[in-house]
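The values are calculated or read from the model by the stated rules, or taken from the named source; none is laboratory data. This is a predicted model, so every value here is computed, not measured. Every residue, glycine as well, gets a Cβ built from its backbone with ideal geometry; the counts of neighbours run over all protein chains shown.
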Amino acid sequence: MVTATTPIPAEISRANEYDVRIRWDDGHESIYLARDLRLGCRCAHCISETTRDELLDPRSVPADVHPLSISQVGRYAIHIQWSDGHSTGIYTFKRLRELDPT
Amino acid sequence: MSRLDRTHSPVTEPTILKALEEVRDPDLARDIVSLGFIKEVRVEGGNVSFTIELTTPACPVRDKMQEEARQIVAALPGVQSVEVTMTSRVRSTPGETKAQLLPGVKNVLPVASGKGGVGKSTVSANLALALSKTGARVGLMDADVYGPSIPMIMGVQEQPRQGANNRILPVEQYGVKIISMGFFVREDQAVIWRGPMLHKMIDQFLGGVEWGELDYLVIDLPPGTGDIQLSLCQKIPLTGAVVVSTPQDVALRVAKKAILMFEQLNIPILGVIENMSHFVCGTCGTREEIFGYGGARRAAESLGLPFLGEIPLVTAIRATADDGRPIVVSDPETLSAGAFQKVAENLAAQISIRNMAGEVEPAIKISF
């Protein structure tokens, strides 16, 4: 069952001025570079809902983009308010684990 | 042991607690001492009194546990009398967003079905009443905007009033606090809304209503896996969902989709209820399995979910709901009302299991 096997974050904090650190309930720790996380957004503005094509032009995302705030969405995801004004993305725990660079 | 020993080694609190470690909570599968249930231990000579604080007033083994604890302590050397008081404190689902939106509400329980017409609203109303009858503080939110039927089932005539800070005061009926879209639209009007409006309504019903202190908030969802379900799952960490289905294969197939939706959103499923389980003929007493037998139980088992119980297909359940006096309040002695009471107890046990696990494993800490 999904609920039993998907790890969930225990703590979400700053890795530095820009980047995000997640400590997971299975003990794993991930550090996400802010810009990579922004480019990994799967919302309907960034990825086409019908063709799954990438709509987001990486050149339009500033190099110093960073989260202004992070909040929890229900029990399955987080929402990030970005410094470039983008705020429609929901990052599921499953997706965050897939994006894990470490 | 000699008489002298008795007078020189009086019974102490540690000895009592040690002895009580024998008593286990069958649902939480742990002894009642390490669960922190034992409160206010008093020893005066050979007279012992203590309190057992359960995780729900709807505990099915309440009396058995009380007697077991009493006997174990009574058997200790030096004990002359034992008084066991039973109380309860419902544990809360952890989560910061819930603390802001619904500060006094401990558990939020959406009642869902895949298909419509499986009796979800009747089950929700009777379930809320059955939980309330055990002494719990209960609210009932009718989130079925398109066909709100809770006001009729609960026999509510009055309108909710406005409280301080423009907040809505729920209507209280049979001891349950109720809010419904049915209070805000006329009988002869239809609600034709798109997603953003539905999202806003959920916001209003959660944060804009003066729910006060509640142990359980039961939410009657519209059928399906749409906007309302998603908004609700995003808004607050729900305790877990209850899925209602008839035993019929077609209903179960759709119920599985609802279960999958909750799983994708990481909402635990507290259990499955089989409604319209079987029909008992009023004149000859013959049992008929109109929609097949035991389908929901088998489906729950195959998905590894708790099965909460069966509700029979009985005219009185339908008739009392149509009259605005659900069977749990109008005919509490009937088998049908008993079936709802049993389901409520099983549900409360599942909630306790979830929340006790949550106390060990706290909510996500975000510092960003």
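Looking across region B:281-299, the residues that are among the aliphatic types (A, V, I, L, M) and either outside the structural domain of residue B:242 (by TED's automatic domain parsing) or surrounded by 15 or more Cβ atoms within 10 Å (Cβ to Cβ) (or both) come down to B:296, B:299.
Does region B:218-246 hold any residues that are among the hydroxyl-bearing types (Ser, Thr, Tyr) and either away from chain A (no Cβ under 14 Å) or in a helix (DSSP H, G or I) (or both), and which are they? Result: B:225, B:231, B:245, B:246.
Here residue B:65 meets the list (1) under 28 Å from the mean Cα position of the chain (by Cα); (2) assigned to a strand (DSSP E or B) almost entirely, failing just condition (2). A residue that is assigned to a helix (DSSP H, G or I), farther than 23 Å from residue B:344 by Cα and without any contact (Cβ under 8 Å) to a residue 12 or more places away in the chain cannot be found anywhere in region B:285-307. Please specify each residue of region B:80-138 satisfying the condition of being part of a helix (DSSP H, G or I), away from chain A (no Cβ under 14 Å) and farther than 27 Å from residue B:38 by Cα. Answer for region B:80-138, where residues must be part of a helix (DSSP H, G or I), away from chain A (no Cβ under 14 Å) and farther than 27 Å from residue B:38 by Cα: B:120, B:121, B:122, B:123, B:124, B:125, B:126, B:127, B:128, B:129. Per the conditions (1) within 19 Å of residue B:264 (Cβ to Cβ); (2) more than 15 Å from the chain's Cα centre (by Cα); (3) modelled with pLDDT of 90 or more, the sole criterion not satisfied by residue A:79 is (2). Taken over region A:2-60, the criterion of being within 14 Å of chain B (Cβ to nearest Cβ) and on the phi > 0 side of the Ramachandran plot is satisfied by A:27 alone.
Taken together, B:340, B:368 contain a single residue that is within 14 Å of another protein chain (Cβ to nearest Cβ) and either touching a helix residue (DSSP H, G or I) at 6+ places or on another chain (Cβ under 6 Å) or over 23 Å from residue B:291 (Cα atoms) (or both), which is B:368. When the residues of region A:61-102 are narrowed to those that are more than 9 Å from chain B (Cβ to nearest Cβ) and among the β-branched types (Val, Ile, Thr), which ends up nearest to residue A:6 (Cα to Cα)? Looking at the filtered set, the residue picked out is A:102.
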